[in-house]
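Enquirer: Structure in structure tokens, see below.
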Amino acid sequence: MKTIESINLIFRDPEIRGGRPCVLGTSLRVIDIVMAMQFGNRSPEQMAEDYQVSLAKVHAALAYYYENQEEIDDYIRDHSRVSKEYKEKRVGSRRDPVLFR
């Protein structure tokens, strides 16, 4: 008889991080791991140290990403677009955007 085993290290909760997939036992989003890898050129070992999670959890987040890549890539694009818009509008800046035109 075959036994299928699974490592459940990723969870979603609508009350945590807007329901985005997170690493179990943390509020660290899968997208945080993916963006650190893609844009920060961080290795899994470096990310485990940076985020103070096990290497297994980093690999679980990456496995989840590769299994759900389209959804997460869409979210990354949206996140980047919104960040760019906020930066252009100087949202959160302590300086008046009118002074810097």
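Read the figures in this text as sums done on the coordinates, not as results from a lab. Bear in mind the structure is a predicted one, so any value in this text is a computation, not a measurement. Because the Cβ atoms are built from the backbone with ideal geometry, glycine has one as well, and the counts that use them run over all protein chains shown.
Enquirer: Can you tell me the orientation of helix 69-89 relative to the chain, as the angle in degrees between its alpha-carbon axis and the longest Cα principal axis, to the nearest 10?
Expert: Result, in degrees: 20.
Enquirer: Give me the three principal axis extents of the chain from the C-alpha atoms, as integers in angstrom, largest value leading.
Expert: 71, 27, 23
Enquirer: Let me ask another. How much net charge surrounds His79 when only the other residues with a Cβ under 14 Å from the Cβ of His79 are counted, with Lys and Arg +1 and Asp and Glu -1?
Expert: +1
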